[in-house]
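Input: a single structure, listed below in structure tokens.
Taken together, the values in this text are just the output of simple stated rules run on the coordinates, not laboratory data. Note that the structure is a prediction, hence the values are computed from the model and not measured. Here Cβ is always computed from backbone atoms with ideal geometry, including for glycine, and neighbour counts include all displayed protein chains.
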Amino acid sequence: MDDEQELRNRMEAVDAPSSRIEIDALLQAGRRRAFRRRSVRAAGGVGLATAVLLAVPSILNATGASPAPREDVAGASPTTSDGPVGPCQMTELPVPPGMSGVEVEAVDPTGRYIVGNSTVGQNFRPVLWVDEKPSALPVIATSVQVTAVNASGVVVGLAHDLPDEYVFRYENGAYTRLRTPPGEWHVYPTPAINAAGDIVINAEPRGKAEGEDSIVLLWKAGSTTATQVPLPTEANVYDITDDGTLVGGTYEKGYAAAAYTWDQSGKPRKLEMPGGEKGIARAARGEWVTGSLSLAPARWNLRTGEVTKLGPPLPPDALDKDGPGPGVQVNASGWVVTGSPRGSLLREGDPIDLVVPAGQASDVKGVSDTGLVVGQARDKNHSILGPRTWRC
Amino acid sequence: MRPEAEREYVEYVRVRLPRLHRMAYLLCADRFQADDIVQTTLTALYVDWKRASGADNLDAYVHRLMVRRFLDERRRPWSRVVLSDRVPERPTPADHGVEERDALVAGLRLLPKGQRAVLVLRFFGDLSVEATAEVLGCSPGNVKSQCSRGLATLREVLQTREPVTTAREAKEA
């Protein structure tokens, strides 16, 4: 008998142990997860009661060389140094004609550029908003997914023409493919870009599914040739700051170990990890770094070295691993966007109140230095109602 | 979720659950981890049911979700932090005597995750080389080479164990 047929037969005959999973429990887990997403706004209301008593660092003073904020933002008291933040008012973001299911992905530090994607089947279709005017970007591959944009409007993302996949830069109406070193590489998770236009991502050899032998690639602004950053084995990078600092962490046997920043020569700075906790850094802006520490979203201050946990840890036995996600983006004032499954906006650990119509919930994806929040509104069934912005 | 949509979801899961669980067990070779990825896959499916149920091939979509969850543990920092805190609370797979009773499962456990995923998708999921490549995000050539290496390793492992089985069966007979 040939090997393949024998393997088929034996797989069918494996005596699998009984499953603990029951459909009722699945339904409860699914409903709870959907419910938790709906509860984000309610939780925000509770947090606000104490949040108003706290000072908020100035966003406007901290932006440095960023372009002037919009007039309505500049005039709003929440952006001054001592005022409360929120409630932040919602605006619908228009989508290109004929597109549906568009989801916002990121905003640049000035708030002028926003990127997002629509889907057709399981493939992405890219959208760029400039001053909140949307345009569908050209589709140059089976799937084109935009994931970040800088203050000059340079967009980065991932293109898939299976089995081909690559990082691209979109600038002045044209795509540029960014080359990886010789060999077959899988790039992950998504590229990041800084103000100058430097782009970073991790890559692992094709077929190595667990990040084994992964490397960190850097394309300097305008370049299509990657350089490999000399980092330790199992180090991954998720963001690059405007001064070129790389943000990420190390892994041990596949598990997050410690949050780090590195300069481009590979010189490390280990971020504070109190009590032997484990964690990883995901993003940085100005003096702030965000990520996760043990099971909670966390924020580090690069100037003082101080670390703050921004939420309660997720119970280890949580059936659906739901709860506050890791910090995935931070603005110059230290406001933290938490990632999936709960896209919320935290200031000093408290959710900022984002106004949505009754029966809807906000799902935050990014925040600019000017206090422009981007994301989507979802209905009570967690379906996407469309891209939205909130002004804080 | 609307009651009607929830009924559709329950019906789908009721029919597919045993097979999804078996697939997860072949992938993980660990009953607890298998339950975990089935649970997370089907919870994600619940939340995304409206979109997923419109997929051209729902089974392929769910298989893809599950295999990505199996493979992506290393790539998703958040999940990895969660798992690192959970692992010590569990016995190691070697402690589950039940899992050693099948030589195939023991053999699968010796393979790298990528090879295991290829073999399970190809020979349990009955996916073509091209469809497997699409699920895994790699080239068909890569699927073929992983498949061939995985089969070779399994053949070796199973052959070395075979005489033991044969001797026991002979004794019982």
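Overview of results
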read-out: Cβ neighbours within 10 Å from other chains - mean over B:6-13; value: 2
read-out: Estimated distance in nm for a label pair at A:Leu385 and B:Arg155, the labels positioned 7 Å out from Cα along Cα-to-Cβ; value: 6.0
read-out: In the stretch A:88-177, the GluC sites (Glu not before Pro) that fall in loop regions by DSSP, at most 13 other Cβ within 10 Å; value: none
read-out: Those residues of the stretch B:10-44 whose amide nitrogen sits under 20 Å from the label point placed on B:Leu58, 7 Å along Cα→Cβ; value: B:10-24, B:38-44
read-out: Three-way shape call for the stretch A:116-170 based on the alpha-carbon gyration tensor, with the a/c threshold at 1.5; value: oblate
read-out: Peptide B:137-144 - average C-beta neighbours from other chains (10 Å radius); value: 4
read-out: Local electrostatic count at A:Gly153 - Lys and Arg +1, Asp and Glu -1, tallied over other residues with Cβ under 15 Å; value: -2
read-out: Using a Förster distance of 35 Å, the FRET efficiency for B:Arg109-A:Arg31 (Cβ separation, nearest 0.05); value: 0.50
read-out: Pairwise FRET efficiency - A:Asp15 versus B:Arg7, Cβ, R0 = 25 Å, nearest 0.05; value: 0.15
read-out: ³J(HN,Hα) computed for each position of the stretch A:19-24 - Karplus, 6.51 cos²θ - 1.76 cosθ + 1.60, integer Hz, glycine/proline x; value: 8, 7, 6, 10, 5, 4
read-out: Rounded if a/c under 1.5, otherwise prolate or oblate - the stretch A:152-271, Cα gyration tensor axes; value: oblate
read-out: Distance in nm between pseudo-label sites at A:Asp2 and A:Asp243 (7 Å out along the Cβ direction from Cα); value: 6.3
read-out: Within the stretch A:174-276, trypsin sites (Lys or Arg not before Pro) in DSSP loop having at most 15 other beta-carbon neighbours inside 10 Å; value: A:Lys220, A:Lys253
read-out: Exercise: per-residue mean of other protein chain Cβ atoms within 10 Å, B:41-53; value: 5
read-out: Nitroxide proxy distance, nm - points 7 Å out along Cα→Cβ at A:Asp24 and A:Ala136; value: 4.8
read-out: Flagged links, alpha-carbon separation over 25 Å, of A:Lys278/A:Lys380; A:Lys220/A:Lys267; A:Lys133/A:Lys365; A:Lys309/B:Lys50; A:Lys309/A:Lys365; value: A:Lys278/A:Lys380; A:Lys309/B:Lys50
read-out: For the stretch A:216-282: relative contact order, % (alpha-carbon pairs under 8 angstrom, 6 or more apart); value: 25
